[in-house]
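K.L.:
Dropping the structure in here first, questions after.
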Amino acid sequence: MPRNGLHRGAEASTFATMKTTCLIAALLLVSGCAKDDAGTPDAVGDVTDSTDGEVTDTRDSADVGDGVVQLDEPILERAPTGAATCTVERAIAPIADADYQIESLLSVGSAVVATRAYPILEIARAGSDGLFGEAEVLDATQYAASQSASAFDGTSVAVVWTRQDEGGGVTVWFAKVAADDLAVEVAPKELPIGNASYLTQPVIVARSGGWAILYAETLASGTALRLTRLTGDGAVDGATVTVAEGGAANIGFAHSFIATEDGGFAATFALGGYDNAEVSFVRLDAQGAKVSGPHLISRAGGGGYSSGASYRAAGDGLLEHEGKFYAAFTESYSTGDFPDQNTAVIGRLAVVDGAGNGELHKLQASVDDMTTVQPSLHLIDDNIGILWSYGAVIYICGGCITDYDMHFVLLDPATLTPVAPEVEQLSDRNGFTNPRGAVIDGVIGGALFTTTALDFHALSYPATGVFACTPK
């Protein structure tokens, strides 16, 4: 995925090459490229149609996980109930004089806290106006610290990130700051993790008595997804648990991780290769031992299908609400060989109980050479919002610009019917990649603060906006 500030000297060349390689590899995965410049896109609040073009999704409902029923009617084609009104409250606009990438976004009441990387890793607070205050430096290692994730326990924000050394080794680091003023409470320190995987972002959650992280570790035989519990100060608390293992063909885990209402944990993760990955759901107890699963909740991989998420943007793809678990990811379907290839990427929403039984829904219909990027879930009042980007598939990037627009829809969690028409932020000269959201408290009905990246070649610039929903 594109990085920020990469127009500087040798780093620009290195990361431009990485980006091009990533884009070509992503043909059969779940995402495309990026788009950038410094223009402010137009904002619209109209109902949008994301299904124009040749629809390829005429296949049956076979090969879904046991206990999961696939429903073929796309969520976006269901008539809204009209119970709420959702609009673009503040149009997406670039952050002045900024060229970093926002890597994690976290709600802390009426404000948000974001980590941002390149050339160094920082953490900063912002209000609904999108103006960030003074940042706290977490890692000053030039262009080495990234893939950060954060969690909030009501008073403090904990952050984990990876640091890559010149020899290619990857370590995982931890720090804690006060949520209100970002004062450092635990200085950055390396966690005792063996050989962390650079392909997978670590994810951290708050738990009773401290924190827990889910991360990938590189083994001689492939990769392993590990859970480690931490004390409030970031010390290892108990044994590390292996949640899943992947063989040599595994491309890394794209996982989401939450603390559950019963004091345990739940996770989703992708496992497989670029052209056959699939998503599983697992529940764990307070010590990390498996309670249920893993359960397949996507289509089985292969035969043109591959399911997953962005491997460098893990996080908000799973939430628990009123006894059910909601998991968002993408599903690609490809036919033919490059350059005569067709790929369609749709959003998927699985709704399951604690045993992995439930339903698999399409977010939208499948359209040749159109892609859904990085869907995330956000609880607004008692409804579930989905945020994602959508645009044309990029097959080769020798200097690419995407046309991705940002989309948002609010759903009734019981029926997964929109309670208001889908809202879209249209791109102008810049496509919106790396979409992230955090619900802001103190706004009637609820508001979703959003960040995105505006990318071009190896350059990337951050931008923010706000969607708002008001009950009728």
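Please treat every number below as a calculation from the coordinates, not as lab data. Only a predicted model underlies this, so the values are computations on that prediction, with no experimental measurement involved. Positions of Cβ are backbone-derived with ideal geometry, glycine not excepted, and every protein chain shown enters the neighbour counts.
K.L.:
Taking the Cβ of A355 as the centre, find all other residues whose Cβ is under 11 Å away and add up their charges (Lys, Arg: +1; Asp, Glu: -1). Could you put the intermediate results ahead of the total?
P.N.:
On the way: positive: R283; negative: D66, D353.
Computed value for this residue: -1.
K.L.:
Quick one: length gained pulling R429 to T231 fully straight, 0.36 nm per residue minus the C-alpha distance?
P.N.:
Additional length available on full extension: 66.7 nm.
K.L.:
According to the square roots a ≥ b ≥ c of the eigenvalues of the Cα gyration tensor, what is the shape class of region 92-140, taking rounded for a/c under 1.5, prolate for a/b larger than b/c otherwise, and oblate for the remainder? Before the final figure, lay out the partial values.
P.N.:
On the way: a/c = 1.93, a/b = 1.27, b/c = 1.52.
In terms of gyration-tensor shape, oblate.
K.L.:
Estimate the FRET efficiency between Q142 and D353 by the formula 1/(1 + (r/R0)^6), using the beta-carbon distance for r and 45 Å for R0, to the nearest 0.05.
P.N.:
Efficiency, rounded to the nearest 0.05: 0.45.
K.L.:
For region 294-299, in order, what is each residue's ³J(HN,Hα) by Karplus, 6.51 cos²θ - 1.76 cosθ + 1.60 with θ = phi - 60°, in whole Hz (x at glycine and Pro)?
P.N.:
So the Karplus estimates, Gly and Pro as x, are x, 10, 5, 10, 10, 4 Hz.
K.L.:
Moving to a separate point now. About the Cα centre of region 164-235, what is the dipole size in debye to 20, counting +1 per Lys and Arg Cβ and -1 per Asp and Glu Cβ, all else neutral?
P.N.:
Details: 5 positive and 8 negative charges, 71 e Å.
In total the dipole reaches around 340 debye.
K.L.:
Between T85 and residues 5 or more places away or on another chain, which pairs have amide H atoms under 5 Å apart, with H built 1.01 Å from N, and which residues are they?
P.N.:
T470, K472
K.L.:
Short version: ³J(HN,Hα) in whole Hz for each residue of region 408-415, in order, from phi by Karplus 6.51 cos²θ - 1.76 cosθ + 1.60 (θ = phi - 60°), x for Gly and Pro, what are they?
P.N.:
Using θ = phi - 60°, the values come out as 8, 9, 10, 10, 6, x, 6, 10 Hz.
K.L.:
Would you mind calculating the gained length between T415 and T81 on full extension (0.36 nm times residue separation, minus the Cα-Cα distance), in nm to one decimal?
P.N.:
Net length gain for the segment: 119.2 nm.
K.L.:
Still on this structure, I have one more. Show the residues, 5+ positions off or on another chain, whose built amide H is closer than 5 Å to the amide H of G431.
P.N.:
K35, D36, T402, Y404, D455
K.L.:
Could the peptides 322-335, 81-94 be put in order, highest first, of the mean number of other beta-carbon atoms found within 10 Å of their residues? All intermediate terms of the calculation are to be shown ahead of the outcome.
P.N.:
Details: 322-335: 20.8, 81-94: 18.5.
Descending packing order for the listed peptides: 322-335, 81-94.
K.L.:
I would also like to ask the following. From the backbone phi of region 346-357, what are the Karplus-calculated ³J(HN,Hα) couplings (6.51 cos²θ - 1.76 cosθ + 1.60, θ = phi - 60°) in whole Hz, Gly and Pro given as x?
P.N.:
10, x, 10, 10, 9, 10, 9, 8, x, 9, x, 9
K.L.:
Using the alpha-carbon centroid of each, what span in Å lies between region 172-238 and region 356-371?
P.N.:
Between the Cα centre of region 172-238 and that of region 356-371, the gap is 32 Å.
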